[in-house]
1. Assuming R0 = 41 Å, can you tell me the calculated FRET efficiency for the pair residue 271 and residue 567, based on Cβ-Cβ distance, to the nearest 0.05?
2. Please report the antiparallel percentage of the DSSP beta bridges confined to the stretch 379-524, to the nearest 5.
3. Just in the stretch 408-514: which GluC sites (Glu not before Pro) are loop by DSSP and have at most 12 other Cβ atoms within 10 Å?
4. Treating only the Cβ of Lys, Arg, Asp and Glu as charged (+1, +1, -1, -1), what charge dipole size does the stretch 85-243 show about its Cα centre? Round to the nearest 20 debye.
5. Using 0.36 nm per residue of separation minus the Cα-Cα distance, give me the extension gain between residue 331 and residue 258 in nm, one decimal.
6. Please give the per residue accessible area of the chain, computed with a probe of 1.4 Å over protein heavy atoms only, in Å².
7. Starting from the 7 Å offset along Cα-to-Cβ, what nm value, one decimal, do you get for the label separation of residue 115 and residue 380?
8. May I ask you to derive the FRET efficiency for residue 580 and residue 416 from their Cβ-Cβ distance with R0 = 22 Å, giving the value to the nearest 0.05?
Amino acid sequence: MGSVRPIKISPMASSAVCFIGFCSVLLGFVVGIQASHVVYRDLQSIESSPKDHLPYRTAFHFQPAKNWMNDPNGPMVYKHVYHLFYQYNPYGADWGNIVWAHATSTDLVNWIHLKHAIYPSAPFDINGTWSGSASFLKGKKPAILYTGIDPQRRQVQNLAFPKTLSDPYLIEWTKPPQNPLMEPINGINSSSFRDPTTSWQGPDGRWRVIIGNKRGHRGMAVLYRSKDFVHWTKAKHPLHSAKDTGMWECPDFYPVSVEGENGVDTSVISKSVKHVLKNSLDDTRHDYYTIGTYYTNKDRYIPDAGSIDGDAGLRYDYGKFYASKTFFDDVKNRRILWGWINESLSREDYIKQGWSGLQAIPRKIWLDKSRKQLVQWPVVEIEKLRVNGVHLPRTELKEGSVHEISGVTASQADVEVTFELSKMGKIEEIDSNGLKNPQYLCSQKGAAVEGSVGPFGLLVLASKSLEERTAVFFRVFKSQNKYVVLMCSDQSRSSLREEPDKTTYGTFLNVDPLREKLSLRSLIDHSIVESFGGNGKACITSRVYPKLAIDGGAHLYVFNNGTSSVMISSLSAWSMKGAQIKYL
């Protein structure tokens, strides 16, 4: 048993518990994310009863009052009002009957749910109104391109305009008679032709848009051009494609500044930007991106050397995070990222609870100084929900210790901690094979496995005696005389319930632990934990469903299960108020 050292936290005293209960890791079975476009014919065969599962409803994440939600669609800001549309089933908690539901906000935290904006109403979308994006035409006129399912079950691309431009809430939408604008002809697979991006204008003034597609197992971004946003012509070649990547869902293509954190409009093309191409891979159910150069003379995008397409490439989030979409917020000059977080429950369980799916907290996203990856951070507005903060002075976290951070509502909290590793003894070695799969490494060397430098970090949504805990932590290795930092989210002991998926997630963090502090921030909201390592260089989102650590039974701890002491240079934690949600 390691030493126990009490930590003094202002304004409230903390308690400390021994490092007990950390024995063998129980690995959960894997429940794969449901495909965005799977249809279940027996949609309402299981009775929904949301009142029986209130402990897992979130307080400050975006979700409708009930039923199924998946992809975020067409996010934008119009007349200083933020809009989020999303894929929604009005009739049940499983996928089906999809419409574009609609909500608005003035701060990205508190939301008003409005009536559905786009729904099946004409032959070109009679069997479904699937994902798409918003663009702004001349005069700041919003336009939405979306995928409709026609009577032959073909995926076609359609256009919608707001009925009243003077209405900042954009409640009414109309569909022009020219729909569908783009159809799956000339060899395009009609069942793999969906999710148009935000459009951009090239130097010639013509609009461009890409649509997710595949040919065989080659994923591709099919490119179309238009002079008037109504009549579109398919380009002879895709903007980009990659072999062995499968269907590209929900593509996103946008510029990022090389000169700082500010965002830029989607149509900006200059030497001061790089471009990002993100794809949601249907085969893996993860979002991947590359950073590269957009060559306007050829309408081609080429990833930079070392920026890899597919499963070996960079991800926005190394946990649950899919079908994401960004938009440029011209009010605050930033680019904001939305992402869908699905359940880690069986289909039967989430239908019984009467709801399924969350949106991640919107994140500001920008290019790292290295120009080799993106950085993400929760929008600053979420901090207005912080109350009753507790703060820890510089403290040593000795070998094998666990300390409770009391004074916060642990089931609904925001915590930031920074660690220093000024002294490191013998460090675990890792070979090149160990560097290939950080998620597997996290599953083998979880929070219960003692190391030399780490694991150290947070135990969130933990029960009092640690029978349940979700561990978010760092572990330092050495490989070829270089330090390697592993970041993990270990759900293996997150619940005494047997049914939920308890997959452990992980990634490597591009930080030098001798020259830089290791920072960790976790947003905890009943059944979701969003964690940001290295000031947003790595993100991991988890869904957990504890049996004991719910509401007042949840606790928050900081721990070190390594043989080397770790210095906490700062720790702050806050209870989080609930967001204000209204339904009209």
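The values are calculated or read from the model by the stated rules, or taken from the named source; none is laboratory data. Everything numeric here is computed off the predicted structure, so don't read it as measured data. Because the Cβ atoms are built from the backbone with ideal geometry, glycine has one as well, and the counts that use them run over all protein chains shown. Each accessible area value is taken on the protein alone, full model and side chains, heavy atoms only, with ligands, DNA and RNA left out. Shrake-Rupley method; radii C 1.70, N 1.55, O 1.52, S 1.80 Å.
1. On the way: r = 42 Å, r/R0 = 1.04.
Efficiency computed from Cβ-Cβ geometry: 0.45.
2. On the way: 26 of 28 bridges.
For the stretch 379-524, the DSSP antiparallel bridge percentage is about 95.
3. Values: sites: 416, 420, 428, 429, 450, 467, 468, 498; in loops: 450, 467, 468, 498.
Of the GluC sites (Glu not before Pro), the ones in loops of the stretch 408-514 whose Cβ has at most 12 other Cβ atoms within 10 Å are 498.
4. On the way: 19 positive and 10 negative charges, 153 e Å.
Charge dipole, the stretch 85-243, about its Cα centre: 740 debye, nearest 20.
5. On the way: separation 73, 0.36 × 73 = 26.28 nm, distance 2.01 nm.
Computed gain between residue 331 and residue 258 is 24.3 nm.
6. Details: 22330 Å² over 584 residues.
Here the residues of the chain average 38 Å² of exposed surface.
7. 3.8
8. On the way: r = 24 Å, r/R0 = 1.10.
With R0 = 22 Å, the Cβ-Cβ based efficiency is 0.35.
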